[in-house]
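Encoded as structure tokens, the structure appears first; notes follow it.
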Ligand SMILES: Cc1cc2nc3c(=O)[nH]c(=O)nc-3n(C[C@H](O)[C@H](O)[C@H](O)COP(=O)(O)OP(=O)(O)OC[C@H]3O[C@@H](n4cnc5c(N)ncnc54)[C@H](O)[C@@H]3O)c2cc1C
Ligand SMILES: Cc1cc2nc3c(=O)[nH]c(=O)nc-3n(C[C@H](O)[C@H](O)[C@H](O)COP(=O)(O)O)c2cc1C
Ligand code: SF4
């Protein structure tokens with residue numbers, strides 16, 4: 001353990017400069033052609049395959065695997081990408097253990113599932129070495145506004161462009177991609193993959209991205225509805241839940257830390273605490289904790305208020321964290337944060353499951369940290385005028401909102417499961433519905 | 001413990017596992033290693049006449065067919081007979097036989113179709129102390145164009161003639177190795193017997209093109225842009241070889257003629273199957289070219305355990321035991337009725353049985369709630385395709401309907417044995433006996 005790991009406070013450069021690359025290397029390295037062939041051979045080519053049913057974008061998985069097995073990865077990629085244009089990102093970040101691979105019949109047979117995620121990556125990596133393979137239909141003369149260049153907005157825009165429409169994406173941030181660019185774990189998206197994928201996707205033509213355009217500030221919905229034939233909102237979740245306890249402002253949203261890390265040109269310049277506490281139990285908590293460790297934090301704990309079985313992060317994700325040296329403390333809720341000479345003291349009370357929900361007990365303990373992150377959920381600041389449901393924009397099956405001519409999808413919309421792949425599915429489906437309604 | 005010792009034409013070997021005439025038996029070095037590893041015998045790589053040896057290509061000689069995980073299931077070769085000088089081979093054969101008197105050492109021969117050539121080579125081989133000769137009438141490439149190998153093996157009259165020369169000019173046991181590149185394997189076997197052959201061995205390799213390079217538009221293996229048909233062997237050819245062995249074993253004209261079984265033998269089980277269909281021993285080539293000589297250990301332990309489990313003492317006791325059960329289609333019991341049954345506990349719900357039956361058979365597997373797959377007895381014709389495509393061993397089985405019960409598909413009572421020869425739908429049916 002390098003001595004800079006034990007330097008007190010929140011400081012950059014805890015690792016030897018040469019060690020960052022290895023620390024943040026691809027967490028699931030790609031298959032070489034032989035391993036891909038072997039992995040593909042394991043697919044049973046199921047009828048009405050359960051893996052496909054479990055994929056929110058409904059990729060024809062047995063077909064694409066068979067195309068890999070027969071030596072045509074480019075055809076496999078077209079199968080994938082025609083259902084999911086961000087199949088490259090999804091191959092890297094989908095929690096396959098609960099989606100396609102979790103439903104592989106090989107699991108029922110007591111074996112490891114077919115490595116669908118890695119095979120999807122194998123195919124899409126090859127396709128992305130060439131221009132994106134889709135062409136545009138004859139121009140329709142229709143113009144559509146998309147707000148947000150995250151996976152939902154990009155999937156919607158690409159499909160609309162394919163169908164012959166002109167798309168303008170209005171994006172608040174300086175770079176496109178939404179959480180692909182600012183949120184997903186660095187070790188899943190190595191080599192600037194988010195930006196490369198978007199460059200490739202934009203090769204379809206007919207899509208313009210305008211950066212620094214914020215709906216609600218310098219853009220308003222009425223203007224968009226007037227100026228365009230249809231509007232799609234892929235806003236994601238801009239807000240984060242804050243702690244509701246004294247000293248809450250001593251904690252920082254984990255998503256801010258991750259965004260900082262993802263945007264850093266040089267990871268050795270990203271400061272991190274010697275001791276880090278992450279409050280929460282989802283994918284964001286895991287990613288923040290693991291990446292804090294990888295930056296060289298000596299002691300990282302995730303504290304979750306329920307037990308591990310109840311954690312939204314899958315068992316696979318939890319194992320990933322613990323094998324990275326993250327400690328998971330279960331059944332503890334934060335009571336107060338206070339700055340002390342030793343750092344930030346976070347007082348927790350143990351919880352118990354009661355008949356009417358979680359009960360906070362009197363038994364407490366304190367963790368002292370240099371940095372405290374919260375990952376207890378993100379929130380939508382919904383644009384005015386929309387019906388909402390559980391804090392998300394209410395939508396019909398194809399993404400229609402309560403406002404005529406406006407569709408929504410992804411995290412901001414009802415039914416989005418806060419997964420990249422559902423955002424893609426909803427964006428794509430909204431595009432098809434927009435197209436149908438414009439043909440009308 | 002069963003004793004695997006085997007005797008074939010009076011040639012003794014500690015087990016019935018021999019190496020076929022091929023690269024594994026082309027040199028003293030290889031054969032010594034094979035014997036050290038435990039092989040019971042070898043058929044030395046085919047020798048040709050004295051003089052300038054044949055020349056092999058210096059590019060790739062093999063083409064391959066793979067199963068999952070690059071498992072070699074079929075191999076094709078365009079190699080010729082030995083390309084080493086005759087005297088070197090003979091000297092080595094003599095040395096090896098001297099050092100391994102308990103192993104079988106048979107020499108494979110292929111010389112032009114004139115009696116003098118055969119006389120010449122037989123005399124040379126006899127001097128080595130080898131146990132016997134195998135006449136290579138099988139090689140489908142290179143030598144056939146020169147009037148040898150399968151060019152002889154495809155003409156029964158030539159087989160008979162050459163075999164007779166060999167028997168007249170030598171006291172050594174003579175095995176005739178047959179080519180599968182014919183329409184009816186019984187004819188060359190009958191010719192060999194007429195010529196006085198002591199045994200037949202089969203199969204040699206099958207004419208084949210393994211694959212085509214779709215950039216060069218040339219068959220593989222490709223030699224400077226061109227390819228040629230080669231000989232196919234390995235696990236993929238086993239079913240063809242088994243049938244040919246069985247045909248000879250049950251043919252009245254050749255019944256009792258000893259057979260050395262060759263073609264895709266890779267495990268003890270393959271060997272036992274060949275033997276059950278009438279082969280007294282087996283010869284192996286591709287399997288050792290894939291995995292090395294060590295596989296004989298598995299073959300020895302496997303066959304020995306199998307015999308023990310069956311309460312048998314010697315492999316000879318299984319030779320030919322399945323032959324009486326090989327029959328013609330017309331004698332199969334048409335009243336024997338089975339139905340597929342899917343074991344729901346071991347079903348993994350892949351749906352392959354359903355789609356196979358639905359798309360290509362008899363629409364007899366229904367999808368129930370929660371992806372349960374159930375056979376509809378009223379539609380199942382018992383083809384067993386579902387069993388074959390199911391990835392879970394033992395999940396789908398064929399259940400026999402007892403005599404006297406009603407087949408829900410036909411509505412008819414399952415009757416006693418009855419075959420096509422007496423079936424009412426057969427216009428040429430024999431009158432059923434009163
Ligand atoms: C830390 C973290 C890790 C995650 N890891 C995974 C993972 O491993 N696997 C997985 O499947 N999912 C993961 N997710 C979830 C996944 O990233 C999201 O579900 C997905 O990105 C949602 O896509 P979206 O397009 O709806 O929203 P976003 O990706 O959030 O994109 C929304 C875009 O809209 C822009 N925008 C917002 N408001 C405005 C406005 N008013 N005007 C203009 N533009 C605006 C934003 O700048 C952003 O670019 C993770 C999420 C987080 C936070
Ligand atoms: C490379 C190669 C060369 C062969 N050469 C000969 C040969 O010289 N003489 C011969 O009788 N058979 C030859 N054979 C055929 C084998 O002896 C054997 O009959 C055939 O390969 C089938 O057995 P297998 O499936 O175990 O390989 C050769 C086979 C191979 C693969
Ligand atoms: S045995 Fe044949 S007909 Fe019967 S269920 Fe199976 S596939 Fe269908």
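A short reminder: the numbers here are calculations on the coordinates, not readings from a lab. Not measured: the values here are computed from a predicted model. Cβ coordinates were reconstructed from backbone atoms using ideal geometry, including for glycine residues, and neighbour counts include every protein chain displayed.
For region A:231-245 versus region B:38-56, the spacing of their alpha-carbon centroids is 80 Å.
A Gaussian network model of chain B, with springs between Cα atoms under 10 Å, assigns the largest mean-square fluctuation among B:62, B:158, B:417 to B:417. For the pair residue A:307 and residue A:11 in one chain, pulling the backbone fully straight at 0.36 nm per residue adds 103.4 nm over the alpha carbon distance.
What does the structure give for B:345-355 when I average, per residue, the other chain Cβ atoms found within 10 Å of the residue Cβ?
Working: counts 0, 2, 3, 11, 8, 14, 8, 5, 1, 3, 4.
Going residue by residue through B:345-355 and averaging, the value is 5.
With an 8 Å Cα cut-off and a minimum separation of 6 or more residues, compute the relative contact order for region B:334-399 in percent.
Numbers: 103 pairs, mean separation 29.5, N = 66.
With pairs under 8 Å counted, the relative contact order is 45 percent.
Between 0 and 90 degrees, the angle of helix B:186-195 with respect to the longest Cα principal axis of chain B falls at about 30 degrees.
Arrange A:44, B:291 by Cβ neighbour counts within 10 Å, fewest through most, would you? Present the calculation step by step, with values, prior to reporting the outcome.
Values: A:44 21, B:291 12.
So the ranking, lowest neighbour count to highest, is B:291, A:44.
Projecting label points 7 angstrom from Cα along Cα→Cβ for residue B:317 and residue A:108 puts them 4.4 nm apart. Packing, taken as the mean count of other beta carbons within 10 Å per residue, orders the peptides B:15-24, B:94-103, B:324-333, B:379-388 from highest to lowest as B:15-24, B:379-388, B:94-103, B:324-333.
I need the shape label for region B:6-325. Rule: rounded when a/c is under 1.5, else prolate if a/b > b/c, else oblate, with a, b, c from the alpha carbon gyration tensor. Before the final figure, lay out each step's value.
Values: a/c = 1.27, a/b = 1.08, b/c = 1.18.
Since a/c stays below 1.5, the shape of region B:6-325 is classed as rounded.
What full-extension length gain, to one decimal in nm, is calculated for residue B:126 and residue B:91 as 0.36 nm per residue of separation minus the Cα-Cα distance?
Values: separation 35, 0.36 × 35 = 12.60 nm, distance 1.20 nm.
Residue separation times 0.36 nm, minus the Cα-Cα distance, leaves 11.4 nm.
Using helices alone, what [θ] at 222 nm do you get for the protein assembly as shown, with -39,500 (n - 2.57) per DSSP H run of 4 or more residues, divided over all residues and rounded to the nearest 500? Walk me through the intermediate numbers first.
On the way: 28 runs with 268 residues, N = 874.
Counting only the DSSP helices, I get -9000 deg cm²/dmol.
Going by neighbour counts of Cβ atoms within 10 Å, the residues B:293, B:217 line up, fewest first, as B:217, B:293.
Please work out the FRET efficiency for the pair residue B:184 and residue B:223, using the Cβ-Cβ distance as r and a Förster radius of 41 Å; give the result to the nearest 0.05. Once the sixth-power term is evaluated, E becomes 0.75. Region A:118-173 and region A:38-56 have Cα centres spaced 26 Å apart.
Once the Cα atoms are used to define both axes, helix A:151-162 deviates from the longest principal axis of chain A by about 10 degrees.
Considering every residue in A:34-43, what mean count of other chain Cβ atoms within 10 Å of its Cβ is obtained? Let's see the in-between values first.
Values: counts 2, 0, 0, 4, 3, 1, 1, 6, 3, 1.
Mean partner shielding for this stretch: 2.
In percent, how large is the relative contact order of chain A, given Cα pairs closer than 8 Å and 6 or more residues apart?
Numbers: 940 pairs, mean separation 78.2, N = 440.
Taking the mean separation of contacting Cα pairs over the length of chain A, I get 18 percent.
When each of the peptides B:265-275, A:7-17, B:117-127 is scored by the mean number of other C-beta atoms lying within 10 Å of its residues, the order from highest to lowest reads B:265-275, B:117-127, A:7-17. The relative contact order of region A:33-128, computed from alpha carbon pairs under 8 Å that lie at least 6 residues apart in sequence, is 33 percent.
Against the main long axis of the alpha-carbon atoms of chain B, helix B:115-128 sits at an angle near 90°.
Based on the Cβ-Cβ distance from residue A:74 to residue A:398, what FRET efficiency comes out when R0 is 22 Å, to the nearest 0.05?
Working: r = 31 Å, r/R0 = 1.39.
After rounding to 0.05, the efficiency reads 0.10.
When peptides B:1-14, A:209-222 are sorted by average Cβ neighbour count within 10 Å, with the highest value leading, the order is B:1-14, A:209-222.
Assign one of three labels to region B:310-434, namely rounded, prolate or oblate, based on the Cα gyration tensor with a ≥ b ≥ c the square roots of its eigenvalues; rounded applies when a/c is under 1.5, prolate when it is not and a/b is larger than b/c, and oblate otherwise. Don't skip to the end; give the middle numbers.
Working: a/c = 2.42, a/b = 1.27, b/c = 1.91.
Judged from the Cα gyration tensor, region B:310-434 comes out oblate (a/c at least 1.5, b/c at or above a/b).
Rounded to 0.05, the FRET efficiency of the residue B:253 and residue B:308 pair, given R0 = 35 Å and the Cβ-Cβ distance, is 0.45.
Highest mobility in the GNM of chain B, judged by mean-square fluctuation with C-alpha springs under 10 Å and restricted to B:133, B:245, B:375, is found for B:375. By its C-alpha gyration tensor, with a ≥ b ≥ c as the square roots of the eigenvalues, how is the protein assembly as shown shaped: rounded for a/c under 1.5, else prolate for a/b larger than b/c, else oblate? Verdict is prolate for the protein assembly as shown.
When B:44, B:420 are arranged by Cβ crowding within 10 Å, least crowded first, meaning fewest neighbours, the order is B:420, B:44. Modelled label-to-label distance, residue B:171 and residue A:366, 7 Å Cα→beta-carbon offset: nm? Label at residue B:171, label at residue A:366, 10.7 nm between them.
Please average, across the residues of A:101-108, the number of beta carbons from any other chain that are within 10 Å of each residue's own beta carbon, and give a whole number.
On the way: counts 0, 0, 1, 2, 9, 3, 1, 6.
The shielding value for this peptide is 3.
Compute the length gained on full extension between residue A:38 and residue A:342: take 0.36 nm times their separation in residues and subtract their Cα-Cα distance, giving the result in nm to one decimal.
Taking residue A:38 through residue A:342 to full extension adds about 104.0 nm, to one decimal.
In the elastic network of chain B, a GNM with C-alpha springs shorter than 10 Å, the most mobile of B:69, B:308, B:87 is B:69.
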